[in-house]
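Data block below; observations after.
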Amino acid sequence: MSASAVFVLDLKGKVLICRNYKGDVDMAEIDHFMPLLMIHEEEGLLCPVLSHGSVHFMWIKHSNLYLVATTNKNSNASLVYSFLYKIVEVFTEYFKELEEESIQDNFVVVYELLDELMDFGFPQTTDSKILQEYITQEGAKLEVAKSKVPTTVTNAVSWRSEGIRYKKNEVFIDVIESINVLVNANGSVMSSDIVGSIKLKTMLSGMPELRLGLNDRVLFALTGRDKGKTVVMEDVKFHQCVRLSRFDSDRTISFIPPDGESELMSYRINTHVKPLIWIESVIEKFSHSRVEIMVKVIQRKMKYRQFKKQSVANNVEVRVPVPSDADSPKFKTSTGNAKYVPEKNLVVWTIKSFPGGKEFLMRAHFGLPSVENNELEGKPPITVKFEIPYFTVSGIQVRYMKIIEKSGYQALPWVRYITQSGGKLLTQH
Amino acid sequence: MTDSKYFTTTKKGEIFELKAELNSDKKEKKKEAVKKVIASMTVGKDVSALFPDVVNCMQTDNLELKKLVYLYLMNYAKSQPDMAIMAVNTFVKDCEDPNPLIRALAVRTMGCIRVDKITEYLCEPLRKCLKDEDPYVRKTAAVCVAKLHDINAQLVEDQGFLDTLKDLISDSNPMVVANAVAALSEIAESHPNSNLLDLNPQTINKLLTALNECTEWGQIFILDCLANYTPRDDRESQSICERVTPRLSHANSAVVLSAVKVLMKFMEMLPKDLDYYGTLLKKLAPPLVTLLSAEPELQYVALRNINLIVQRRPEILKHEMKVFFVKYNDPIYVKLEKLDIMIRLASQANIAQVLAELKEYATEVDVDFVRKAVRAIGRCAIKVEQSAERCVSTLLDLIQTKVNYVVQEAIVVIKDIFRKYPNKYESVIATLCENLDSLDEPEARAAMIWIVGEYAERIDNADELLESFLEGFHDESTQVQLQLLTAIVKLFLKKPTETQELVQQVLSLATQDSDNPDLRDRGYIYWRLLSTDPVAAKEVVLAEKPLISEETDLIEPTLLEELICHIGTLASVYHKPPSAFVEGSRGVQHKRLPGSAGSGESVDSPDPGSAAGASEAPPAVIPSQGDLLGDLLNLDLTPPTTTGPPPAPSSGMQLGAMDLLGGGLDSLMGAGFGAAPAAMPASFSAPVSGGLDDLFDLGGGVGMPMGAYSPPKTIWLPAMKAKGLEISGTFARRAGVIQMEMTLTNKAMSVMTDFAIQFNRNSFGLAPAGPLQILTPLSPNQSIEASLPLSTVGPVMKMEPLTNLQVAVKNNIDVFYFSCQYPISMLFVEDGKMERQVFLATWKDIPNDNESQFQIKDCHLNATSNKLQGSNVFTIAKRTVEGQDMLYQSMKLTNGIWVLAELRVQTGNPNYTVSTLIFGV
């Protein structure tokens, strides 16, 4: 059905740790993986599935590791990749960083986790919070904790343990929207979309029932309400905890939240957005001598819906690509700092605080060697990163968050809005 | 302190030291020692010698230590089967431990010890665990049944574990249900005929209930299992769809894809005029689009599947072109897939946008991507007629960039555009000619030469251009040489006066100075044609060419249907049926989409054969059987007299109406019914034997498996001719898919890689349905079996003999050409069974000119019809008249032509007389 075995390899293809789940693929087959990968890479035909004879390798790369699943059946490939990414997630939560060292330093726990994450090729419990209840990193503590039955593992609510207690019951809701706008060299918007996500930090006791109300147009249409601005969500994806059939029938977002931090939902909005931050650039390349770059950043004037005040963008970062053989950088900026990052062939211009309606200018000058680099270089786009707090582009709003727990405590929901760039791209000339 | 310290001991005598530590009295020391053992195992050292000592540590109440020992056991039990028995007792004991974690751990590990000897000891503990009060243990035990089944299927059946497993589908805990479903599906997959997953509305209901409650992985198991179910009617289908659609909002992409699979499959059963059908179509688009924001590998799987979905139901994503635009930082495999889908979605409405994008891509740096983008522009021109002009001008712009590989790629596609729209864009030829000197790739050179030859009369200096190529004739690749030969002959026919010298030069180069048989043969043919009958030569060489088809890379419909049933799996990623890459799955039934119900018409274009066949039936009067048969018997069965050799195929001959029986039977039937009466050749036996004779041989064969007859492999390409590569092969039809099955043997001294295959145009449009999958390099003296599914949607050109197939195989060494013949029976389609009445009427309606007759020797009627049916030759009626057994049969070819046959056999005489009637549709 899915994986016969899972391997963690270092960059050279050496097996750091592995687990044979089904025994129907020779474990030595993994030796073919790295040569195969290199052949494909050289030919420019890199592919997430490689095969050698009757063995298929499905792989992902994470920092300095390859995670590889083998199979000789018609496996569910999407399940395998989801699972490999899940392994990365679980290991990262266990070891902070997932890399060669953390695997070696924790091989006993890694084995235990691999044993619990998958059985005979079927993924099992992959929720790291629940796993941490019975697979802990300190052996000494094990005896006490582990003698308990892991009820949550098999509960219908497999993401939240019972008996959680907080003195003060609170839930923090972050509404984060990333906007992706692609502008071509002529200044016309090629594509734009908004990807939003609602994150929770839950500090609630017991088994609370939550209901989230948004200004969702479909919901408003269903209930016949018709006031205020509503938002059309093109597609919504929910955390495991949300009752999908309920949402499907009456658009109610009801759930028992996981404890602590989690992403409750993500959504996609197709409405056309004007770029919040606009870039104008002139890049002149004089072969064999120099490159001159002029970049202007303008922030559109925006008013907050909630309170009438000018918006401010924070941590604005403009990344301008330069040729790889450029040297001796010189910068002039009307605000902020410009820095040359040679390993990425970029100029990074940072502006800590950028009030709406303003515009700033940066000039850069690079020398070019007289002997020209023969290799063709790509033309990466200029990208802008920024954050605008207290604001969502789509106008999505949390209308209410109802919290009901059988003990009847009062709980406070807090809501925060923020808009980020998901990487605004500007194609160069 | 970290575990890394365990990796550092590399002293000599380590094993002895570890042995001592393992046998230590101190618990802590023991645990440390086991960790060291596991660490050694992890880095690949053989520590199997410590087996007894490690197993001795098994009886412990320390869970961490127990897990490590179990881990060790799983790794080494197979190499020490006798000692593995030592562990049995502890397993049995642990399965009764009060701690459910330990019970589950024991039952989980037990199944991973693949030692036959100990399996029987494990049955009792497993039985208990399957009924355990703790769901955690039950869900683990459910999986253990699948493990045990893999080791010893008989034991599992005898012990009744399968029934217990089926009972677990009704378990109160959703996790247990999910694992039971997973285990049953796994077992059913390896035993396709076990009828294990006997899904009925009750179990489906249970599964759908559990679907709402189990983990994301459990949801995938259940959805994948649901996909195997065939609802009874459209109402049931709709109600399942309604309960599956909420899954499209799941955050896990794999859940979404599995839900898409169920919906795509069950949708087939919904009437298209149903409101719900439209709703469902609308619901599918947004989640598919969202999959493109997942991790790149998942995006890749999604895109490969979207490619299938777009072919099956283009309406779902027709408005979503923009999301397939390539992003700067997409990995190359995502870029290439997006490009493919962009072309599939291209239509008149969005072509401007698409072209703007493609033009942008063509200026990027990644050579492979740029090439594909240029090709894509050509494909757009061919697909969307209204855009052709814009595409051509875009291509011209690109040629102006003078980037070498862009220019070459553009010229190759412009050639195709010329083929598709003859006499429309010749004004660009001048621009193309300017770039003649920069072309260094054979394909581009050949394309350019073709253009010059084809339009020789409009290019003033065509002779000079072609002459310039001729100088280095021997250094060119075969492709270019052949093209140059043809082009110069064309030029000669168009401008005979000034090019006589040139044509003589090329003919002598081709026939006298070349070792290449193809080139030589083609040279001789031209030479003789030109010297005997220049008018005929003109008719042959300058004949009007058949149009090229719009989309050449569509997946063959039956394969597409099968792949839709495998959405999300490797099959859908490779675009190949599982049987093509999973060992031992040959006999496994191919999945099919359920038929549509109610008023909903089939998605496929209505089958031309059956529709036409039906309309051919007499409108009202249906005479009684006896009369009809009488009529049949009165048919004139004597072979018509010969009136000379077959005429050369007329250039305008309708492609669908093709000669079936090969060789001499050239224009046996013309377009449709009796449109082109033709002469009958004298001898029938020789050409026929290739196809039908083989089939009849079956009559004598014993123990042949049912299914289409496939002749034994013969050597197609001897090693001597192909620098050490030997190819032998045959054709087979499996579950509606024509397969070309080859054995490639490397008889050279060096490794062969990069295999690829191409077909020349052929009579039935056979074309590879996918690339030739030879994924491993072929070492010297190694043989590899390759099975290539074929489609019949490729370009069509009549071949001589009819079933001749010219194949080019490429590897890292060279390109090799060979030709082979396929048995005509490969082309008989599954729905070739004609209604009895229709058969009778049609038989009468087909003009005698379309009939041929021949004899087959040494055949036995008994069992023949069954065997023939396996090859899609359907027996419609059987009759004994005047001591003769008569069999009436129908078959239908992939291109919609029907063949009706009558077999007559004199009782006691093993020779058959076959009368064949053919009509095209």
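Here, each number is a calculation from the coordinates, and none is a lab measurement. These numbers come from a predicted model, not from an experiment. Methodologically, a virtual Cβ is constructed for each residue, glycine included, from the backbone with ideal geometry; neighbour enumeration extends over all protein chains shown.
May I ask you to order B:343-356, A:190-203 by the average number of other C-beta atoms within 10 Å around their residues, highest value first?
The most tightly packed comes first, giving A:190-203, B:343-356.
Distance from the Cα centre of region B:429-446 to that of region A:39-72, in angstrom?
38
Residues of B:139-151, mean number of Cβ from any other protein chain within 10 Å of their own Cβ, rounded to a whole number?
For this peptide, the per-residue mean of nearby foreign Cβ atoms is 3.
If you take the square roots of the eigenvalues of the alpha-carbon gyration tensor of chain A and sort them as a ≥ b ≥ c, do you get rounded (a/c under 1.5), prolate (a/b over b/c) or oblate?
oblate
Dividing the Cα radius of gyration by the Kirkwood radius, what Rg/Rh value follows for region A:5-154?
0.99
Given the pairs A:K168/A:K402; B:K322/B:K372; A:K14/A:K339; B:K117/B:K139, which are separated by over 27 angstrom at their Cα positions?
Over 27 Å apart, Cα to Cα: A:K14/A:K339.
Among all lysine pairs in region B:714-826 that are eight or more places apart or on different chains, how many have alpha carbons less than 17 angstrom apart?
Counting lysine pairs in region B:714-826 gives 5.
Using Cα pairs closer than 8 Å and at least 6 residues apart in sequence, work out the relative contact order for chain A, in percent.
Across chain A, relative contact order equals 15 percent.
Classify region B:180-226 as rounded, prolate or oblate, taking a ≥ b ≥ c as the square roots of the eigenvalues of its Cα gyration tensor: rounded when a/c is under 1.5, otherwise prolate if a/b is larger than b/c and oblate if not.
It comes out oblate by the Cα gyration axes.
In a Debye calculation with equal point scatterers on the alpha-carbon sites of region B:471-537 and no solvent, what is log10 I(q)/I(0) at q = 0.11, 0.17, 0.26 Å⁻¹?
Result of the Debye calculation: -0.22, -0.53, -1.20.
For a protection proxy built on the mean count of beta-carbon atoms within 10 angstrom, sort A:108-120, A:67-79 highest first, please.
The densest-packed peptide leads the list: A:67-79, A:108-120.
How well do other chains shield peptide A:236-244, expressed as the mean number of their Cβ atoms within 10 Å of each residue Cβ?
6
Assuming R0 = 56 Å, what is the FRET efficiency of A:S249 and A:L46, from their Cβ-Cβ distance, to the nearest 0.05?
0.80
Let me make sure I get this right: for region B:207-339, a, b and c are the square roots of the gyration tensor eigenvalues over alpha carbons, sorted descending. Under 1.5 in a/c it's rounded, otherwise prolate if a/b > b/c, else oblate. Which is it?
Judged from the Cα gyration tensor, region B:207-339 comes out oblate (a/c at least 1.5, b/c at or above a/b).
Tell me which lysines have Cα within less than 24 Å of B:K494's Cα, excluding those fewer than 8 residues away on the same chain?
Partners within reach: B:K415, B:K420, B:K424, B:K538, B:K545.
Across peptide A:98-108, how many C-beta atoms of other chains are within 10 Å of each residue C-beta, on average?
Other-chain Cβ atoms within 10 Å of each residue's Cβ, averaged: 4.
At 7 Å along Cα-to-Cβ for each site, give me the label-to-label distance between B:E295 and B:K206 in nm.
Simple spin-label model gives 3.4 nm for this pair.
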